[in-house]
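Visitor: Here it is, the structure in full.
The values are calculated or read from the model by the stated rules, or taken from the named source; none is laboratory data. Here the structure is a predicted model, which means the values were calculated and not measured. Here the Cβ positions follow ideal geometry from the backbone for every residue, glycine too, while neighbour counts run over all protein chains shown.
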């Protein structure tokens, strides 16, 4: 790893030098052509809100760089939520509440403008479980207020990498807030504010560039966790999967001067290497892949805000039935250590993109477009073209089955042992379900063969009016879906869209978890077996055909250049604030002060782990956005110098409550094998709240230790 890191940083330095020469040359050209740019600025204004600066850059760059068809920009913002005592969103396990930080979570924004038409597309990838209706609506409102009408419903996509190690409470739908006891305003605000910072940074970063697509088939990473269901699928879908997993790996590269400035990668795998026993905030295996490309290959340190601006987002695809736990048990596979597994699975994804970057890629040419429509998926009549039965079928009021309550046994979750996967898996529950069917025979008929457990649609516990979105980049299309598509379902969408747009299937990119959360989407054949994914498919057997039908409607409007009605959006649900409440006050303890060292670090060899314990305060008092709770420092001739912070996956910030209002904080560092020998120390940055509500920062220093 050390030799690879040194080599990659050398390449990074060379890239930075080349980029510096490119921009220096561009500035000279701008100075020579400023008069011409002024004359052209009115006709070539394509910046958001027709800003004067956007017009000037566009006019000048067009004269200097006619071969660059787009303006491209990328930005990052810290969205880390409350790290302590807030339930995580993903597994649905009420015992999984935060106790600190493994690494920070970010929003990564990618803005692309077509210089010929001024049309734009904006994609924001969150290090969270999913895009949600509440976050999307607030971002839409703020973007419109700041930038006007250049952006709207169709050309903003809010999506996520689907990590399960993330604080919840950011959606207004009650089913997802059970583990958080309601809405968490501070985590919601952290998400929106960080996403807006990323969007603002991406807009400020706009400069002439091009787009490239790189693709490959990547196998032996994830494993299908629902083969019983997959075996029911038609051969034409199964044949495009390898051992039940979609191997499609796609990277969209934002290029400047022949160098990749930013990228989004799509690959289908659950970021569930870390099981429910993990209570540290993390972006899991996709976050580790991001760290490798940004930090190890490009020298980016987001704790310090340093580096050349390179941005890498590892988004997700048709991952509904793909687990990283290759032993098909939570936290196991390829090894028995979840943290090691996270790094292995993240490294495989990073290496696939490194391979992409070693090739020239395929240039994207042509204009940009976007379309979106909302539909009530509990009320869709599905035509014979998509139903698979030769007749009209319909979707159902949202309901979750008893196999949903069993949880995904391969990845873990909030499942209960009394429930099981498959139709009639629990005889006792089956008897109860029979009684409920008699009360609601229409639900029984519509959801058959699901053993209904929770009629979540009846009390608006989940979103039923859902968006389907398509973005076009030349002759490549991104399908923004709100749910967790299985591998086979995603293959079908790719086939449908390729046929509709008259392109190869490789030109269709699948993006799940976009703009809302719709639970799972299984094929009708998979639904019939009622594994976990089928029990979590809320709108019945024809959920997948309904999405196919809506995709055709949205895609046809784009293909034919016709206006598309937005459809009926669900009204924002009223907020139910968390019963957990905020931190009332902190106490250091008798004879103690905040930041006092409780346990000293010991001398450690490279490859070992060192830690120190401090008298702390509740970390939710200040989430240290764009900063860090901890530092590792090394002593030099110039004094103590920063080495790393809390975004490093080899560090961790661990919080524990002591008595009623006291806190103990343990800082840990897995010392890299290539760490320089020398004297080090920990620094802890905390914030304490007194009885009046005033929050005061403090700093704690550990005693020194040596690394040898």
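Visitor: Exactly one of these conditions fails for residue 486: (1) buried (at least 23 other Cβ atoms within 10 Å of the Cβ); (2) touching a helix residue (DSSP H, G or I) at 6+ places or on another chain (Cβ under 7 Å); (3) under 18 Å from residue 375 (Cβ atoms). Give me its number.
Guide: The one condition residue 486 does not meet is (3).
Visitor: Sticking with this one: Of everything in the stretch 301-322, what is out of contact with any helix residue (DSSP H, G or I) (no Cβ under 6 Å at 6 or more places or on another chain), in a strand (DSSP E or B) and within 28 Å of residue 646 (Cβ to Cβ)? Give them in sequence order.
Guide: 301, 306, 311, 313, 315
Visitor: Being farther than 28 Å from residue 454 by Cα and crowded, with 21+ Cβ neighbours inside 10 Å, is that true of even one residue in the stretch 381-404?
Guide: Checking the stretch 381-404: not a single residue is farther than 28 Å from residue 454 by Cα and crowded, with 21+ Cβ neighbours inside 10 Å.
Visitor: Assess whether residue 622 counts as being within 30 Å of the chain's Cα centre (by Cα) and either exposed (fewer than 14 other Cβ atoms within 10 Å of the Cβ) or modelled with pLDDT of 95 or more (or both).
Guide: So residue 622 passes the test.
Visitor: Does the stretch 183-196 hold any residues that are farther than 10 Å from residue 79 by Cα and either at pLDDT below 95 or crowded, with 24+ Cβ neighbours inside 10 Å (or both), and which are they?
Guide: 184
Visitor: I've got another one for you. Does residue 532 satisfy being touching a strand residue (DSSP E or B) at 6+ places or on another chain (Cβ under 8 Å) and surrounded by 24 or more Cβ atoms within 10 Å (Cβ to Cβ)?
Guide: In short, yes.
Visitor: Might you let me know whether the stretch 177-185 holds any residue that is within 16 Å of residue 86 (Cβ to Cβ) and assigned to a helix (DSSP H, G or I)?
Guide: Among the residues of the stretch 177-185, at least one is within 16 Å of residue 86 (Cβ to Cβ) and assigned to a helix (DSSP H, G or I), which makes the answer yes.
Visitor: If I ask for residues that are in a strand (DSSP E or B), more than 27 Å from the chain's Cα centre (by Cα) and within 24 Å of residue 607 (Cβ to Cβ), which ones from the stretch 644-676 would you list?
Guide: The answer is 666, and nothing else.
Visitor: Please work out which one of (1) touching a helix residue (DSSP H, G or I) at 6+ places or on another chain (Cβ under 7 Å); (2) surrounded by 23 or more Cβ atoms within 10 Å (Cβ to Cβ) is the condition residue 471 fails and give its number.
Guide: In the conditions (1) touching a helix residue (DSSP H, G or I) at 6+ places or on another chain (Cβ under 7 Å); (2) surrounded by 23 or more Cβ atoms within 10 Å (Cβ to Cβ), residue 471 misses (1) alone.
Visitor: Quick one: which of 410, 421 is crowded, with 21+ Cβ neighbours inside 10 Å and over 22 Å from the mean Cα position of the chain (by Cα)?
Guide: 421
Visitor: What is the number of the single condition among (1) in the same structural domain as residue 528 (by TED's automatic domain parsing); (2) within 24 Å of residue 161 (Cα to Cα) that residue 404 does not meet?
Guide: Result: residue 404 passes all but (1).
Visitor: Another question, if that's okay. Restricting the search to the stretch 359-411, which residues are closer than 23 Å to residue 568 by Cβ and assigned to a loop (DSSP other than H, G, I, E, B)?
Guide: 377, 378, 379, 380, 383, 392, 395, 396, 397, 398, 399 - these are the residues of the stretch 359-411 that are closer than 23 Å to residue 568 by Cβ and assigned to a loop (DSSP other than H, G, I, E, B).
Visitor: Related question: Please go through the stretch 161-180 and pick out each residue that is surrounded by fewer than 22 Cβ atoms within 10 Å (Cβ to Cβ) and over 17 Å from residue 459 (Cα atoms).
Guide: Listed by number, the list holds a single entry, 179.
Visitor: Continuing with the same structure: Out of all the residues in the stretch 100-117, which are surrounded by fewer than 24 Cβ atoms within 10 Å (Cβ to Cβ), in contact with a helix residue (DSSP H, G or I) (Cβ under 8 Å, 6 or more places away or on another chain) and under 22 Å from residue 253 (Cα atoms)?
Guide: Within the stretch 100-117, just 115 meets the criteria.
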